[in-house]
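What follows is a short report on a single structure.
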Amino acid sequence: MSIQPALEQRSEPKPTPLSAWWLLSLAICFEIGDVMGLNFSEGFSLLLPTTLALVAFAMALYLVSHVMKRLPVSVAYPIWTGGGTAGVAALGVLALHEKAGVWKSLGVVIVVAGIVLLNVTPVNHGG
């Protein structure tokens with residue numbers, strides 16, 4: 001008896017492109033949350049921020065893994081990491097009062113520009 005048919009029956013439907021983008025946005029938020037939790041964990045010595053960071057990271061990975069069922073990895077992963085990078089940099093400046101110099105600002109602009117370029121490039125969904 002093969003388990004393959006049983007696995008095929010249990011597979012969830014692929015998300016629509018719009019839901020994939022929503023999941024990717026949520027994964028970016030969790031990615032930002034995990035980095036902020038790491039910042040406050042004091043090297044994993046504080047239980048609550050450490051736990052929040054690990055849970056947020058697990059959620060981010062879980063969500064982006066589902067996004068990659070629908071969007072190509074060459075689009076999903078760079079947007080996830082780039083969005084997280086830009087978000088953490090922005091929160092560092094806005095919430096943690098880090099300095100926002102010209103070079104840091106230029107770096108964030110370049111990351112966002114890269115994300116935009118990935119989105120205007122035609123996507124090949126072939127396998």
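The values are calculated or read from the model by the stated rules, or taken from the named source; none is laboratory data. The structure displayed is predicted, hence computed values, not measured ones. Here the Cβ positions follow ideal geometry from the backbone for every residue, glycine too, while neighbour counts run over all protein chains shown.
Between residues in the range 48-62 that are touching a residue at least 60 places away in the same chain (Cβ under 8 Å) and under 13 Å from residue 27 (Cα atoms) and residues that are of a type in the set (A, V, I, L, M) and surrounded by fewer than 17 Cβ atoms within 10 Å (Cβ to Cβ), which pairs lie under 6 Å by C-beta distance while being six or more apart or on different chains? Correct list of pairs: empty, since none qualify. Contact list please: Cβ distance under 9 Å, first residue in the range 78-98 and within 19 Å of residue 118 (Cβ to Cβ), second residue surrounded by fewer than 20 Cβ atoms within 10 Å (Cβ to Cβ) and among the charged types (D, E, K, R), pairs at least six apart or on different chains. Hits for this filter: 89/98; 89/104. The set of residues from the range 80-125 being under 16 Å from residue 35 (Cα atoms), hydrophobic (A, V, I, L, M, F, W, C) and assigned to a helix (DSSP H, G or I) comprises 80, 86, 88, 89, 90, 91, 93, 94.
Across the range 1-42, the number of residues qualifying as at pLDDT 95 or above, over 26 Å from residue 115 (Cβ atoms) and either in a helix (DSSP H, G or I) or of a type outside the set (S, T, N, Q) (or both) comes to 2.
The set of residues in the range 43-77 that are under 20 Å from residue 112 (Cβ atoms) and buried (at least 17 other Cβ atoms within 10 Å of the Cβ) comprises 60, 64, 67, 71, 75, 76.
Within the range 48-77, track down each residue that is under 24 Å from residue 98 (Cβ atoms) and within 10 Å of the chain's Cα centre (by Cα). Across the range 48-77, the qualifying residues are 57, 60.
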